[in-house]
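Input: a single structure, listed below in structure tokens.
Laboratory data are not the source of any read-out in this text; all were calculated from the coordinates shown. These numbers come from a predicted model, not from an experiment. Every residue, glycine among them, receives a Cβ derived from its backbone with ideal geometry; neighbour counts consider all protein chains shown.
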Amino acid sequence: MDLTILGSSASFPGPGRACAGYLLAAGGTHVVLDLGNGTLSNLSIATDPYALDAVFISHLHADHFLDLFALMAMVRYAPEGTKRPVALFAPEGLEERMGSLMSPSGRSDVAEAFTWTTLRDAEPVEVGAFTLTPYSVEHEGPTFAIRAEAGGRTLCYTSDSRYSDPVRRASTGCDLLLADATLPAGYAGRAPHMTSAEAGALAAEAGASKLVLTHLWPTVPRGDILDDAQAAFTGNVILAEELASVEV
């Protein structure tokens with residue numbers, strides 16, 4: 001299984017970066033976890049967006065799904081003709097939230113560009129070579145960590161999450177932890193996100209061999225983020241960088 005970072009920024013894209021988005025590939029299957037603002041451009045460099053097998057959206061904050069509007073336009077208005085709908089797995093309410101910004105014809109495009117499936121806690125989904133299981137975590141509104149298994153390897157994407165028992169449940173036993181590391185060290189516990197030290201502690205508790213720190217606040221020095229995680233986790237710690245690939 002290979003992971004490619006499409007976007008690493010939290011809430012707004014830093015210079016030259018994009019918001020949350022991650023491409024997983026295994027056995028000829030391509031799945032995207034989140035598609036935040038700016039990620040579709042990077043996806044188009046990494047692979048053919050029309051060949052995606054599925055998109056999973058972890059929660060209903062805009063920095064995790066805004067480029068679905070761009071993907072919708074690609075599908076519905078390709079000059080050579082409308083493309084096949086994209087399989088979309090998301091928390092309940094995403095279709096309505098997207099449609100609320102659209103005209104009546106736009107709402108039809110939202111409905112028809114995707115095949116819609118609602119994520120349910122601990123209910124696995126089979127997509128080609130992958131088994132993907134969403135787990136409810138503590139954030140704002142319905143939010144899912146996503147555990148992806150393929151070829152005997154396991155990646156856990158925490159999504160945005162407080163450092164707490166639900167995200168521990170999702171991550172236990174994973175090989176690679178793709179973890180929310182939004183908060184500076186002094187802000188631990190003050191928002192429903194993790195610090196990089198908490199992400200490191202979670203990786204250690206999970207027994208992971210690799211930790212990829214992501215959802216990084218653009219103005220926090222990346223060296224500080226890395227140092228804090230390495231103090232809590234002795235495995236391989238990687239800072240998410242756009243279009244970087246990591247073998248799971």
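The table for this structure:
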read-out	value
5 angstrom amide H check on Val212, placed H, neighbours 5+ away	Leu177, Leu178, Ala179, Ile238
In Hz, Karplus ³J(HN,Hα) per residue of segment 182-197 (6.51, -1.76, 1.60; θ = phi - 60°; x = Gly, Pro)	5, 8, x, 3, x, 9, 4, x, 9, 8, x, 9, 9, 7, 5, 5
q = 0.11 Å⁻¹: log10 I(q)/I(0) that the Debye formula gives for segment 2-247, counting C-alpha atoms only	-0.51
Extension gain (nm, one decimal) between Met74 and Ala62, 0.36 nm per residue minus Cα-Cα	2.4 nm
Ranked list, fewest to most other Cβ atoms within 10 Å of each Cβ, for Asp160, Asp53	Asp53, Asp160
Added length on full extension, which subtracts the Cα-Cα distance from 0.36 nm per residue, Met102 to Ser41	19.7 nm
Burial ordering of Ser41, Ser9, fewest other beta-carbon atoms within 10 Å first	Ser41, Ser9
Leu183 long-range amide H proximity, modeled H, under 5 Å	Met194, Thr195, Ser196
With eigenvalues of the C-alpha gyration tensor scaled by 5 and rooted, segment 138-248, Å	19, 16, 13
Length gained when the stretch Thr118-Thr219 is fully extended (0.36 nm per residue, less Cα-Cα span)	32.9 nm
The chain: most fluctuating residue of Gly200, Gly93, Gly152 per GNM, C-alpha cutoff 10 Å	Gly152
Calculated from backbone phi, Karplus (6.51, -1.76, 1.60) coupling profile of segment 198-213 in Hz, x at Gly/Pro	5, 4, x, 5, 5, 4, 5, 5, 6, x, 5, 9, 10, 10, 10, 8
Beta bridge orientation in segment 1-158: antiparallel %, DSSP, nearest 5	70 percent
Segment 65-128 - Debye-derived log10 I(q)/I(0), Cα point model, q = 0.17, 0.24, 0.27 Å⁻¹	-0.61, -1.06, -1.23
Acute angle (nearest 10 degrees) that the helix 104-113 long axis makes with the longest principal axis of the chain, alpha-carbon atoms	70 degrees
